[in-house]
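Some notes on the structure that comes next.
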Amino acid sequence: MPEPNTRMDVGRWASASYRVHQPGPPDPQPERRKRSFFSKFCRCCKCCAGPRDDTDWGPAPGEVPGSRPAQPVIREGMLVVSGVDLMGQRSGATRRAHHTDEFEYDELIVRRGQPFDIRLQLQQPYDPELHRVCLELLVGPTPQVSKATHILVPVGAPLPGLGWAAEVRDSSSNSLSLRVNTAPTAVIGKYRFSVKTRSRAGEYQMPFDPRNEIYILFNPWCREDAVYLPHDDWLEEYVLNESGRIYYGTESQIGERTWNYGQFDRGLLDACLYILDRRGMPHSGRGDPISVSRVVSAMVNSLDDNGVLVGNWTGDYSRGTNPSAWVGSVDILRQYHRTGYPVLYGQCWVFAGVVTTVLRCFGIATRTVTNYNSAHDTDVSLTMDIYFDENMKPLERLNADSVWNFHVWNDCWMTRPDLPSGYDGWQVVDATPQETSSGIFCCGPCSVEAIKKGQVYLKYDAPFIFAEVNSDKVYWQRQADGTYKIVYVEEKAIGHLISTKAVGSHQRHDITNLYKHPEGSEAERQAVETAARHGTKAHIYKNKEWGEDVSLSVETSEAIMGQDVSIQVALSNRGSSSHSVALSLHLAPMFYTGVTGSTFKQESRQVQIPPGGAQSVRMVVSYAEYQPHLVDQAALMLSVSGKVAQTGQVLAKQHSFRLRTPDLTLTVLGPAVVGKETQVQVLFKNPLPQTLTGAVFHMEGSGVSSPKATTLGTIGGHQTISFRQTFVPLRAGRRQLVASLDSPQLSQVHGVVTVDVAPAAGGQPAPARSSPARGSPARGSPARGSPARGSPARGSPSRQPDPRNSPARHRDPGRAG
């Protein structure tokens with residue numbers, strides 16, 4: 001029995017979703033008109049040449065496209081192409097017009113749907129009456145005209161319906177200047193390029209030369225491209241910006257770090273295309289951003305297909321790199337491309353950072369998004385279910401669902417012709433391997449608008465993503481007869497402060513309103529119940545029997561690593577009579593994924609609450625108490641449960657918080673100039689009374705410094721250290737240098753500094769852009785050489801409007817940018 005063709009799995013490729021694939025007849029070979037035998041000898045007139053079909057430039061029967069001798073047969077009178085100038089210089093007009101001049105590549109890199117110029121050198125003058133010219137582009141190992149991977153573009157004869165065209169701009173002496181336009185649906189990738197010519201002497205085929213290869217990318221500046229984005233400031237931020245902010249921590253203690261995306265660094269474009277090759281994605285499908293983004297979400301994690309990164313949440317990173325130590329995507333992607341083996345290790349923000357790099361490199365507008373209190377629904381119930389026994393003790397064997405302190409994924413911008421109208425715009429893609437989709441660990445793309453409306457039946461993976469941002473936390477208690485009853489529903493527990501970097505600044509932009517209606521509103525409740533009807537526990541909203549007189553909340557003062565922590569539990573009574581509450585408090589270490597360790601501190605309290613009044617209890621935890629139990633991210637979870645004596649009301653609350661770590665302070669010493677060695681000073685104070693061992697310092701920055709790691713050894717308790725590092729800038733302009741420090745005793749220590757790099761003497765200045773310099777704030781950025789903290793002050797998010805999910809929507813004239 002033949003093995004199934006997994007490339008045709010429903011849901012893997014957009015084109016395979018709802019079609020029945022049946023073997024059909026092979027593509028007919030195009031007829032090639034025979035020329036008169038005498039045309040080989042008679043060149044005095046056109047009468048012997050036979051009829052000429054200028055559309056028939058395809059390969060002859062039996063000819064393998066792209067297979068061509070290095071020394072072609074040349075007969076006298078042939079129009080021989082002696083050279084090609086693709087005008088692909090980084091500082092040239094073509095690269096600037098196509099927004100590809102920042103790529104550290106010497107090859108021509110263009111964006112589809114946009115014209116570019118080339119020049120052909122000929123061995124005789126071009127005569128349009130006697131000569132015909134055809135451009136030939138091939139991509140992939142088995143290019144075919146029928147699959148748009150073998151492109152033949154006759155000069156002066158546009159291809160009907162395909163968008164490819166070439167026209168003569170100028171012809172002088174032995175030079176022919178052409179303007180070439182690619183289709184806005186063209187396959188992205190690296191194309192081999194050649195030229196064919198015809199004259200009375202016959203057909204000349206120029207050999208393929210690796211120096212003439214052309215990269216074609218998605219074009220968010222082109223209206224006809226599926227990734228078109230009509231906002232200039234967004235294009236600057238979401239396509240061209242080489243660094244950004246990633247948010248982590250908890251909703252009450254938001255942490256932020258700078259990430260070096262580095263999508264234009266040398267070798268990154270080839271590394272990103274290699275990801276598609278490793279997956280075996282057909283080249284004919286690489287013109288569809290839906291399929292490309294879905295493959296990237298599968299390939300950035302290593303499960304199923306030996307993709308880019310191995311996920312590790314155990315806390316043991318001895319065989320690789322602590323996920324917190326990475327400061328960017330460049331080293332990860334280069335290592336994967338160089339070795340072919342998955343890189344050790346990653347967690348959600350690392351996966352998301354790499355996805356942003358890959359999709360921006362391809363030309364798809366992408367941003368990194370953090371969701372606080374992010375649910376992980378394991379049974380498609382679209383609720384977070386927590387089970388207790390008769391005494392309100394958690395039943396761990398049943399509690400498979402979890403709530404992550406934060407989870408990081410990506411939004412990418414594209415149209416969705418595979419969905420009903422109204423779901424274009426931002427699409428969620430998540431490369432962190434949590435649950436399978438069509439049997440593969442991938443997630444998305446899924447319309448943000450569909451999530452907001454609770455329309456979880458729309459592809460891809462809408463039920464899982466909806467549960468991450470807008471499910472309810474349902475507490476079930478086992479009854480005496482063995483059944484389970486809902487004793488409490490926490491309706492506002494999931495999906496808070498959904499955040500991304502603001503356009504043109506380093507402020508946090510809250511985009512929760514794009515993912516969900518206001519908490520508790522009629523529209524939000526309708527979306528939740530609409531989604532739940534498609535889950536496995538659709539009945540839970542039919543009979544709402546739970547109620548409450550007493551409410552409970554938990555607050556934590558700013559918790560700093562190495563210092564004592566104070567936690568306050570507040571109770572309020574909305575009833576008309578006094579209530580007595582028996583409280584139990586359990587404190588345990590917590591991974592940011594919601595998995596907790598053993599309880600290391602617990603207290604019981606009896607609280608009397610007057611009618612209409614409130615009471616609070618406080619728990620103080622010393623450093624000596626929590627230090628031995630800390631795990632990754634230095635997070636703790638307080639579980640509070642209780643029962644009201646008078647009414648039997650059950651109280652339950654889980655509150656997580658993070659211990660804040662210090663920052664690195666970076667200061668650039670002296671001016672930074674392209675090609676000249678520059679120094680940066682690093683300052684760090686150990687906040688712990690204990691010695692840090694095996695400390696390693698990581699640093700990188702696009703256009704500034706290649707990734708490098710330096711072993712620092714031991715750092716004494718409360719010791720302050722200062723040291724210098726050198727770097728040699730590669731590109732002029734405003735850049736960012738990102739750093740981290742990692743040791744077994746302390747992680748999540750980061751720093752960043754903005755570096756204004758001057759061009760080398762006699763060199764070209766950095767190309768001007770209409771928006772603020774990428775990787776730097778729009779205003780208030782530190783001057784060259786001034787210190788910059790790794791985590792700026794935690795302020796309120798910028799009030800920056802975000803257009804709804806329609807690519808046709810234009811920029812608000814009043815929007816800050």
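Taking segment 423-452 as the range and being without any contact (Cβ under 8 Å) to a residue 24 or more places away in the chain and more than 24 Å from Ala493 (Cβ to Cβ) as the test, only Thr436 passes.
One residue alone among Tyr126, Tyr105 is aromatic (Phe, Trp, Tyr), open to solvent by 10 Å² or more (accessible area, probe 1.4 Å) and in contact (Cβ under 8 Å) with a residue 12 or more places away in the chain, and that residue is Tyr126. Checking each residue of segment 135-155 against the condition of being closer than 18 Å to Leu217 by Cβ, in contact with a His (Cβ under 8 Å, 6 or more places away or on another chain), of a type in the set (S, T, N, Q) and open to solvent by less than 60 Å² (accessible area, probe 1.4 Å) gives at least one match. Pro689 satisfies every condition listed in (1) assigned to a strand (DSSP E or B); (2) open to solvent by 40 Å² or more (accessible area, probe 1.4 Å); (3) under 27 Å from Ser622 (Cα atoms) except (1).
Inspect all residues belonging to segment 242-251 and state whether any of them is among the hydrophobic types (A, V, I, L, M, F, W, C) and either more than 21 Å from Trp409 (Cα to Cα) or open to solvent by 10 Å² or more (accessible area, probe 1.4 Å) (or both). Within segment 242-251, not a single residue is among the hydrophobic types (A, V, I, L, M, F, W, C) and either more than 21 Å from Trp409 (Cα to Cα) or open to solvent by 10 Å² or more (accessible area, probe 1.4 Å) (or both). Cβ-Cβ distances below 7 Å connect the following pairs, each with a first residue in segment 485-500 that is within 26 Å of Gly648 (Cα to Cα), a second residue that is open to solvent by 50 Å² or more (accessible area, probe 1.4 Å), and a separation of six or more residues or different chains: Lys485/Gln479; Ile486/Trp546; Val487/Trp546; Tyr488/Trp546; Val489/Trp546; Lys492/Glu519.
With respect to Phe697, determine if the residue is modelled with pLDDT of 90 or more and crowded, with 21+ Cβ neighbours inside 10 Å. Give the steps one after another, and end with the answer.
Working: modelled with pLDDT of 90 or more: yes; crowded, with 21+ Cβ neighbours inside 10 Å: yes.
Here the answer is yes, as Phe697 does meet what is asked.
Considered as a group, the residues in segment 78-102 that are over 15 Å from Gly363 (Cα atoms) and either open to solvent by 40 Å² or more (accessible area, probe 1.4 Å) or touching a His at 6+ places or on another chain (Cβ under 6 Å) (or both) include one that is modelled with the lowest pLDDT, and that residue is Ser91. Gly340 falls short on exactly one of the conditions (1) more than 13 Å from Leu309 (Cβ to Cβ); (2) under 10 Å from the mean Cα position of the chain (by Cα), and that condition is (2).
Just one of the listed residues (Gln455, Gln477) is closer than 22 Å to Gln654 by Cα, outside any helix (DSSP H, G or I) and touching a residue at least 12 places away in the same chain (Cβ under 8 Å), and it is Gln477. Please determine whether any residue of segment 581-591 is loosely packed, with under 15 Cβ neighbours inside 10 Å, touching a residue at least 60 places away in the same chain (Cβ under 8 Å) and under 25 Å from Asp385 (Cβ atoms). Yes, that holds for at least one residue.
Taking segment 492-596 and the strands (runs of 3 or more DSSP E) fully enclosed by it, the elements with 3 or more residues that are under 30 Å from Leu240 (Cβ atoms) and at pLDDT 90 or above are at 496-501, 508-510.
Residue-level analysis places Leu344 among those that are closer than 30 Å to Gly694 by Cβ, surrounded by fewer than 24 Cβ atoms within 10 Å (Cβ to Cβ) and of a type outside the set (Lys, Arg). The number of residues in segment 59-86 that are touching a helix residue (DSSP H, G or I) at 6+ places or on another chain (Cβ under 9 Å) and not aliphatic (A, V, I, L, M) comes to 3. Scan segment 163-194 for residues that are in a strand (DSSP E or B) and β-branched (Val, Ile, Thr) and the total you get is 2.
Considering only residues of segment 286-307 that are among the hydrophobic types (A, V, I, L, M, F, W, C) and part of a helix (DSSP H, G or I), which is nearest to the chain's Cα centre (by Cα)?
Ranking the qualifying residues of segment 286-307, first place goes to Val296.
Any chance you could count how many residues in segment 600-632 are over 36 Å from the mean Cα position of the chain (by Cα) and either aromatic (Phe, Trp, Tyr) or not in a strand (DSSP E or B) (or both)? Summing the residues that are over 36 Å from the mean Cα position of the chain (by Cα) and either aromatic (Phe, Trp, Tyr) or not in a strand (DSSP E or B) (or both) in segment 600-632 gives 9.
Only a single item in (1) open to solvent by less than 10 Å² (accessible area, probe 1.4 Å); (2) of a type in the set (D, E, K, R); (3) at pLDDT 85 or above is not met by Asp472, and it is number (3). If you go through segment 271-285 and keep only what is more than 17 Å from the chain's Cα centre (by Cα) and assigned to a helix (DSSP H, G or I), you end up with Asp277, Arg278, Arg279, His283, Ser284, Gly285.
The lone criterion from (1) in a loop (DSSP other than H, G, I, E, B); (2) surrounded by fewer than 19 Cβ atoms within 10 Å (Cβ to Cβ); (3) touching a helix residue (DSSP H, G or I) at 6+ places or on another chain (Cβ under 9 Å) left unmet by Pro230 is number (3). Return yes or no: is Val300 farther than 24 Å from Pro184 by Cβ and either open to solvent by less than 10 Å² (accessible area, probe 1.4 Å) or in contact with a Gly (Cβ under 6 Å, 6 or more places away or on another chain) (or both)? Yes, satisfied. Checking each residue in segment 178-189 for being crowded, with 17+ Cβ neighbours inside 10 Å and either over 14 Å from Cys222 (Cβ atoms) or free of Cβ contacts under 8 Å to residues at least 24 places away in the same chain (or both) picks out Leu178, Val180, Val187, Gly189. Among the residues making up segment 213-227, those that are open to solvent by less than 20 Å² (accessible area, probe 1.4 Å) and either within 18 Å of the chain's Cα centre (by Cα) or within 30 Å of Tyr126 (Cα to Cα) (or both) are Ile214, Tyr215, Ile216, Leu217, Phe218, Asn219, Pro220, Val227.
The values are calculated or read from the model by the stated rules, or taken from the named source; none is laboratory data. These numbers come from a predicted model, not from an experiment. No Cβ is skipped: glycine too gets one built from the backbone with ideal geometry, and neighbour counts run over all protein chains shown. Just the protein is used for accessible areas: all its heavy atoms, side chains included, with ligands, DNA and RNA removed. Shrake-Rupley method; radii C 1.70, N 1.55, O 1.52, S 1.80 Å.
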